[in-house]
Amino acid sequence: MGTTAIVAYLVLFATVGFLFIFAALAIGWFLRAKLPSPEKLDTYECGEPSVGSSFVQFDLRFYVIALVFIVFDVEVAFFFPWAVVFGNAAQLKDPNVAKVAVVAPAEPAQLSPPVEKRLRDLGVREPTIPDPRGGAVENARTIEATASRLALTAMIDIGVFFAVLMVGFAYVWFRGDLDWVRAVGERPGQAAARAEAVAAAVVEP
C-alpha cells in the first residue's frame with residue numbers, strides 16, 4: 001500500500017467521522033423538543049445543582065488520587081503480556097501437548113503443531129526439535145523441562161514485579177494519600193511556641 005493510498009484512507013476516515021457527528025447533531029437539533037426553562041438552562045454536575053462560583057480551587061487530593069489510580073492502572077496492564085507467556089509455558093508443560101510427531105522412521109522427528117504454535121507465540125521464529133537424533137520421548141521430556149523452567153522464571157518475575165508494586169502501594173498508604181480526610185500534624189517547634197504564646201498572653205494584664 002502506497003503513501004497516497006494511506007493518506008486517502010485517512011482523509012476518508014476523517015470525512016466519514018465528521019459527517020457522522022454532524023449528521024447526528026443536525027438530526028438531534030431538528031427532532032428534539034425546544035422548551036427552555038431556568039431548570040434546563042442551569043449548570044449542574046452529576047445531576048446535582050451547582051453551589052457557588054465555578055472558579056474555585058479543588059482539593060489537591062482529587063489529583064493525587066487520580067494520579068495514583070492511573071499509575072496502578074497502567075502497572076496492572078503489564079500483567080497481560082506476562083499472562084500470555086506464562087499460559088504458553090504452562091501449556092507446554094502438558095505431556096499431551098509436549099509430544100513430538102514422528103513423520104516416518106526414516107525421517108527426522110518434527111515438532112507437533114501445538115508445540116510449534118506455542119513456541120512461535122513465545123517469540124521463537126523458527127521452532128525446531130531439541131535433539132533431531134533423539135527419540136520422541138526424550139524430546140518431549142526436554143520440552144517439558146524447558147517449559148517448566150520458563151514457567152518458574154515467569155512466576156519469579158511476576159512475583160518481583162508484584163512485590164515492587166505492593167511496596168509502592170504500601171508507601172502511598174503509609175503516607176495517608178489514600179485517606180480523603182487527612183490530619184495535618186504540627187511541626188516539632190510549633191506546639192511549644194504556641195504554648196509559650198498562650199502563657200505570655202495569660203500572664204500579661
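The values are calculated or read from the model by the stated rules, or taken from the named source; none is laboratory data. Computed from a predicted structure; not experimentally measured. FYI the Cβ positions are ideal-geometry reconstructions off the backbone, even for glycines, and counts take in every protein chain you see. Just so you know, the surface numbers come from the protein's heavy atoms only, side chains and all, with ligands and any DNA or RNA stripped out. Shrake-Rupley method; radii C 1.70, N 1.55, O 1.52, S 1.80 Å.
Computed with every protein chain present, the accessible area of V137 is close to 80 Å² [probe 1.4 Å]. Coupling constants for region 80-86 follow from the phi torsions by the Karplus curve (6.51 cos²θ - 1.76 cosθ + 1.60, θ = phi - 60°), and in residue order they are 5, x, 5, 5, 5, 5, 5 Hz; glycine and proline get x. Taken along the Cα-to-beta-carbon direction at a fixed 7 Å, the label points for I158 and K93 span 1.1 nm. Placing dummy labels 7 Å off each Cα toward the beta-carbon, the span from T128 to L60 is 6.1 nm. For E144, the accessible area of its heavy atoms, probed at 1.4 Å with every protein chain present, is near 50 square angstrom. In this structure, the amide hydrogen of S112, modeled 1.01 Å from its nitrogen in the peptide plane, lies closer than 5 angstrom to those of A101, counting only residues at least 5 positions away or on a different chain. With every protein chain in place and a 1.4 angstrom probe, the accessible-area ranking of S53, S148, S112, largest first, reads S53, S148, S112.
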